[in-house]
1. Regarding the stretch 338-347, can at least one residue be identified that is surrounded by 15 or more Cβ atoms within 10 Å (Cβ to Cβ), closer than 22 Å to Pro283 by Cβ and either among the acidic types (Asp, Glu) or out of contact with any Asp or Glu (no Cβ under 8 Å at 6 or more places or on another chain) (or both)?
2. Answer yes or no as to whether Glu31 is charged (D, E, K, R), in a helix (DSSP H, G or I) and surrounded by 18 or more Cβ atoms within 10 Å (Cβ to Cβ).
3. Does the stretch 35-49 include one or more residues that are touching a Lys or Arg at 6+ places or on another chain (Cβ under 8 Å), part of a helix (DSSP H, G or I), modelled with pLDDT under 85 and assigned by TED's automatic domain parsing to the domain that holds Val116?
4. If you check Thr264 against the conditions, is it assigned to a loop (DSSP other than H, G, I, E, B), of a type in the set (S, T, N, Q) and buried (at least 19 other Cβ atoms within 10 Å of the Cβ)?
5. Got a number for residues in the stretch 83-109 being crowded, with 18+ Cβ neighbours inside 10 Å, outside any loop (DSSP other than H, G, I, E, B) and free of Cβ contacts under 8 Å to residues at least 24 places away in the same chain?
6. Taking Leu234 and the conditions (1) in contact with a Lys or Arg (Cβ under 7 Å, 6 or more places away or on another chain); (2) over 26 Å from Lys354 (Cβ atoms), which numbered condition does it fall short on, given that it satisfies the others?
7. Being farther than 17 Å from Asp195 by Cβ and part of a strand (DSSP E or B) narrows it down to one of Ser297, Ser320, so name that one.
8. Would you confirm, using the coordinates I've provided, whether Arg80 is touching a Leu at 6+ places or on another chain (Cβ under 8 Å), among the basic types (Lys, Arg) and either farther than 26 Å from Ser178 by Cβ or in the same structural domain as Thr174 (by TED's automatic domain parsing) (or both)?
Amino acid sequence: MPELRAPGRERAPSIELEELRGISRTVAEIEWLLLILVLLYLAFGGPAKEDEVPITAALFFYAAFVMSFRYANFYKRETRWKIAIETWAMIVFITWSLWFTGKLASPLLNTYMLAVITSALTLGKLTTLIEVVLIAACHLLLGDADPAQALFTLRGLGALAAQLAPVVLVAYVTTMFSADIRYGLNKAKLLSETDELTGLYNTRGFAIVSDRLFGQAQRYSRAASILMIDSDNLKAVNDAHGHEAGNRLLRQLAERIQAELRYTDVPARYGGDEFVVLLPETPAEGAMDVAERMRESMETKPLVFDGKQVTATISIGVASFPEDGQSMDAVVGRADRALYKAKAAGRNRVERYKPE
């Protein structure tokens, strides 16, 4: 029987955390690229002599900001708020650099694109829109015209729109591209955690979800139960009626299992004709009741295939936390032993785990 090892507190990090770490590495590369661009402009004598000191100071403080976030663990946890703060700091650094390198005539003006791309790839449409508005305000600050005149005259608005058009276009295209990538990744994640035939979790998906729920049971000393469920006659149905009938039997079994569960319960196809269910907040007595309802549902409602009724039954093993084990693997193993006992005792029955 495979072990239910899942990402947890002391195991592999969660998928969400892994995604944030990947995004964070990309943001770090963009930040260093921005620093290198401004440093190269300074090194090759771009700004006037009197402007070199404020630009050098900005480079120093922004590099210190990046180092503290990235390597000094000033902000240890990876979150989208952390990335948002970094993009705002990026806009402040770019605006300061532009102020001393020609303002809107600066060759560094397009570095605003780096902040927009970072936000669009990682923070979504709303945050990106806010940052585009912030960049528009910076354009007004850097412009020579009176902001009121730029905002309330047709000519001023046209000039501002022309300046911001590339920024808005890049924000829109990158946001759409990012949404498509995220949709594809979520779809792939769903497929990797779901059994294609029954629509239930597969072993991997079950491990991810059950680890968190079982961890809560351990932390707060709450009851939890495991049902191990096995079809008694899948092989006979396959031999007599073909694999399509067997597949329909498995789908029907999945539906009968789900019909007896609460929203918080976690069912999964464990492999072949075996299923597993985690029942949070459920002691052994309650788990036995749920298991018996499942068994009766399968026994009393035959599968209809090619106009013929095909009777199918199931056997179920039940084990509970904390009395039957202190870990997820232990409880699953003992529910599996109870299932073996139910099969050996004649099938079509529910057995509670009992120590030898």
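1. no
2. Yes; evaluated as a whole, the condition is true for this residue.
3. The answer is no; no qualifying residue exists.
4. no
5. Going through the stretch 83-109 one residue at a time, the tally reaches 1.
6. Looking at each condition in turn, Leu234 falls short on (1).
7. Unique residue meeting the criteria: Ser320.
8. yes
The values are calculated or read from the model by the stated rules, or taken from the named source; none is laboratory data. Nothing here was measured: the structure is a model prediction, and the numbers come from that model. Every residue, glycine as well, gets a Cβ built from its backbone with ideal geometry; the counts of neighbours run over all protein chains shown.
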